[in-house]
Structure formats: structure tokens, C-alpha cells
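S.K.: Handing you a structure now.
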Amino acid sequence: MPLAVYRNDMWDTLWIEANLATMAGPAPYGAIRDGAVAAKDGRIAWAGPRKALPNAPEALAREVRSAGGGWITPGLVDCHTHLVFGGDRAREFELRLEGASYEEIARAGGGIVSTVAATRAAIVEDLVRSAAPRLAALKAGGVTTVEIKSGYGLDLENELKQLDAARRLGEDGDIRIRRTFLGLHALPPEYANDRDGYVSLVADTMIPEVARSGVADAVDAFCEGIGFTAAETERVFMAARAHGLPVKLHAEQLSDLDGAALAARHGALSADHLEWLNDAGIAAMAKAGTVAVLLPGAFYALRETKLPPIDKLRAAGVPMAIATDCNPGSSPVASPLLMLNMACTLFRMTPEEALAGMTREGARALGLQDEIGTLEIGKAADLAVWNIGEPAELSYWIGANLLRERVFAGRVDGYQGE
Ligand code: DI6
Ligand code: FE
């Protein structure tokens, strides 16, 4: 005799004793107090006020879980990282503290190029092994989707190796990984006297191969005085689009090269950093629907003083995302919640804008707005359950361990409650 009869129209899991920050609809945070959310076959099958549940919880789902009276948000989306790399740059940190600037170190052959040497020397297993603790830290902070860029290989073989390491990091099936090809990140030493030759290699050889082998979801570039010019960037964007790959751009981080406007002209998913963004760039982004990805970790770690134009972006209706920019040089950050705090304390965003920046707008920056980023029926059941009384606590605490459980595609891991 079976102990219980399960109907196959039952939900797999139902969370109750929960408040929901759905991040959808007109209410602040899309909040539903005393709500419930259900998952079936990896998707959100129901979300709403508990009172509106059509039956008793046990009659509706095979497993009923308590959120302990805390809050459930969409799983966090970290839409801009350089998580996979060889070596570290702690010595450079010391040099900066002694007075050298990020740009001086880069021009003297340190910076990105030093990480390139260490990345080329590593085998793919080493890259996976060294990135794993960083990825674990993001997961412990509630991340269920992460974007990982290449850009430390700078030749076809080593760029593909980095993208393969990024793929392998998702093999456990408990996180969604999106990969971005960043061939135009720095000039590799062997092309030091042949900029055109390297841009051609990226546009005419690497992008066709990356597109053919399906190892990246988008193409990025570093448009900057110490990176690549707008004309070089445009050439690579043309190649990317000709091969059906969407683009995004590191723009206006250290200087204003009109990169954001260029990105918007190419229908970019996002323009990222943006401390030096000008008014024409804001207007172009608003018109194209290009997301502004703001990276307070890099701003903080480089001790920048020029703020991105948040008020103007808000007034223009440009969607704003927040990400860690996790990388060994300008943003050695593996804490998503610290980025929410810094988005508020450094950039003067509201806690609601910050959370939207790591959920709904982070999803949009990856072109995944129909799949993840809000608690809505039909989207992936990627959730973060938090031991908090108000959603602003996610931005307010510094270094606290607030995650109760992380749910990817309806499956619970990292249970830390009770
Ligand atoms: N801007 C950044 O913040 C990272 N890349 C980029 O183009 C920094 C990468 C590094 O310093 O290794
Ligand atoms: Fe970056």
C-alpha cells in the first residue's frame, strides 16, 4: 500500500511562511507579504498571496518548505565577471597602495597582460580549480546565474581554453553560466607593434571560430585609452553581429571615448562601468534599450572619485544593473551583497534599485529577461531565500550571512536555516 498518493499535477515544492520580493509589478519590490511560491519541473508554477492558494499546502505539493518568515527573491544574477583567470595580482595592489595608478601599471606591462601570462601557462583544470572557490562564494551570496568573460588568453587556443573552463564550472548543474568572448581586452605582447594585426585576428579568425563552435553567448570589448579605440571596437562589433552574436562593451570606465553611444548604435545588450558617460551616450542607451551595468567594486577598489551619472540614467529611464566585475585587477570581489551595499552607499542608488540591478535588470543585461530575474509564473524556479525582515536588509548589512537557501531550477542547495 502506498503511504500517499501523488497526483502528477501536484507541484514539486511549495514555499510558505514567506514574503516575496517578486521584482515585478508596480508595488515596491513587487512585494507580496505572507506569500507562497511553487516550483514544478524547474519552473515557477505559482506565486501569490498565501490566502489565494487553491487548497491546503500539503494537498498542492509533494514537499512544503518554510521560508521561516523571511523573504524570497529571484536568484541573484551577476551579469559581469572575469571569474576565470590564472595567478593573482596582490603585488599590484601593494604597488597601487604605494602610489602607482592602475593605468601606469598597465602601461608598464603589468595589469591585464600579467594575468594573460599566468592564464596561458595554466591548463584548463587549473583554471577550473582556481575559479571554483570564487564561484562558491557567489553561490553562497545567492547567485543562480553568472556571466563569465574570456579575455586573458588573447589567442584563439587560450581564449577557447578560458571559455571551456567557464563551461566546466557549470557541469554540476546548479548554476546558469553565460559566456562572453572578450578578445579585445588588451594587446597581447606578441602584437605589441601590430595593433591592426591583432584586431584582424579577433575580427576575422577568433569571432568566426567562437561563433561556429557555440562557445560564447556574446562579444565584449574594452574601449579605453589603455584598451582599444572606438574604431577598433566597431570593427569587432561588425564581425560579431555578422556572426549573429550580440555585443556589450566596457565603456567610459577611465575616460570618455563615446563608447556607450557606439555600443547603443550596435544594439548592445549593455554598456558597463560608465563613470565618464556623457549625455549623448545616455540618450543613445535610452533609445536602444541598452542596460547600464554599474560596477561599484571596481570603482571602490581603484578608489575612483568620478561617479557614474546615476540621476541622469534614472531620469532617462535607462535600466541599471549591478555586478561584481570579479577580476584579479580592478575588482577582486566575490560578494554580490557587498555590491548591493556599495551601489547604495557609493552610487546613491536605492536598495530597491540595487536589488533590481542584481535580479531583473541583470537578467535583461544578459538578454534573459523572459527566463529569469523576477518571480513570475513560467520563469525558471531560481530563488534565494533570505533570513531578513525587510528587503532593504540585503543592501544594508555588510558581510552578514543572510542566505537561508538557494534554489536553482526548483532544486534546493546550501540549506543554512534552523
Ligand atoms: N575593465 C575591468 O574592470 C576589467 N577589465 C576591464 O576591461 C579589469 C581586468 C583586469 O584588470 O584584469
Ligand atoms: Fe570588467
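The values are calculated or read from the model by the stated rules, or taken from the named source; none is laboratory data. All of these numbers come straight from a predicted model, not from anything done at the bench. Ideal geometry is used to build each Cβ from the backbone, glycine not excepted, and the neighbour counts take in all protein chains shown. Surface accessibility is based on the protein's heavy atoms, side chains included, excluding ligands, DNA and RNA. Shrake-Rupley method; radii C 1.70, N 1.55, O 1.52, S 1.80 Å.
S.K.: Tell me the residue from Gly173, Gly99 that is open to solvent by less than 50 Å² (accessible area, probe 1.4 Å) and in the same structural domain as Thr359 (by TED's automatic domain parsing), please.
M.R.: Of Gly173, Gly99, the one residue that is open to solvent by less than 50 Å² (accessible area, probe 1.4 Å) and in the same structural domain as Thr359 (by TED's automatic domain parsing) is Gly173.
S.K.: Failed condition for Asn19, given (1) under 26 Å from Thr350 (Cα atoms); (2) part of a loop (DSSP other than H, G, I, E, B); (3) not charged (D, E, K, R), with all others met?
M.R.: (2)
S.K.: Something else about it: Quick check on this structure: which one of Val210, Val219, Val199 is under 22 Å from Val146 (Cα atoms) and more than 14 Å from ligand 1 (Cβ to nearest atom)? It would help to see each step written out before you state the result.
M.R.: Numbers: Val219 fails: more than 14 Å from ligand 1 (Cβ to nearest atom); Val199 fails: under 22 Å from Val146 (Cα atoms).
Val210 is the lone residue from the list that is under 22 Å from Val146 (Cα atoms) and more than 14 Å from ligand 1 (Cβ to nearest atom).
S.K.: Of the conditions (1) open to solvent by less than 20 Å² (accessible area, probe 1.4 Å); (2) out of contact with any Leu (no Cβ under 6 Å at 6 or more places or on another chain); (3) within 16 Å of ligand 2 (Cβ to nearest atom), Val113 fails just one. Which one is it?
M.R.: (1)
S.K.: For residues that are more than 17 Å from Asn158 (Cα to Cα), more than 26 Å from the chain's Cα centre (by Cα) and charged (D, E, K, R), scanning just region 177-203, find the one that is surrounded by the fewest Cβ atoms within 10 Å (Cβ to Cβ).
M.R.: Once the filter is applied, the top-ranked residue is Asp196.
S.K.: Check region 67-84 and report whether any residue there is open to solvent by less than 10 Å² (accessible area, probe 1.4 Å), farther than 28 Å from Pro319 by Cβ, within 13 Å of ligand 1 (Cβ to nearest atom) and assigned to a loop (DSSP other than H, G, I, E, B).
M.R.: no
S.K.: Being surrounded by fewer than 24 Cβ atoms within 10 Å (Cβ to Cβ), free of Cβ contacts under 8 Å to residues at least 60 places away in the same chain and of a type in the set (A, V, I, L, M, F, W, C) is the filter here, so list the residues in region 128-162 that pass it.
M.R.: Across region 128-162, the qualifying residues are Val128, Ala131, Ala132, Ala136, Leu156, Leu160.
S.K.: Let me ask another. Looking for something out of contact with any strand residue (DSSP E or B) (no Cβ under 9 Å at 6 or more places or on another chain), outside any strand (DSSP E or B) and farther than 20 Å from Ala21 by Cβ - is there at least one such residue anywhere in region 348-368?
M.R.: yes
S.K.: Any residue in region 349-374 that's over 15 Å from Thr144 (Cα atoms) and free of Cβ contacts under 8 Å to residues at least 60 places away in the same chain: show its pairings with residues that are surrounded by fewer than 24 Cβ atoms within 10 Å (Cβ to Cβ) and among the basic types (Lys, Arg) at Cβ separation under 9 Å, as long as the two are six or more apart or on different chains.
M.R.: Met349/Arg314; Glu353/Arg314; Asp370/Lys379
S.K.: Next question, about the same structure. Among the residues of region 135-144, is any aliphatic (A, V, I, L, M), closer than 30 Å to Ser255 by Cβ and part of a loop (DSSP other than H, G, I, E, B)?
M.R.: Of region 135-144, the ones aliphatic (A, V, I, L, M) are 135-138, 140, 143.
From what's left, closer than 30 Å to Ser255 by Cβ: 138.
Pick out the ones that are also part of a loop (DSSP other than H, G, I, E, B) and you get none.
Checked region 135-144: no residue is aliphatic (A, V, I, L, M), closer than 30 Å to Ser255 by Cβ and part of a loop (DSSP other than H, G, I, E, B).
S.K.: Being within 16 Å of ligand 2 (Cβ to nearest atom) and touching a Leu at 6+ places or on another chain (Cβ under 6 Å) is the filter here; which residues of region 174-200 pass it?
M.R.: Arg178, Arg179, listed by residue number.
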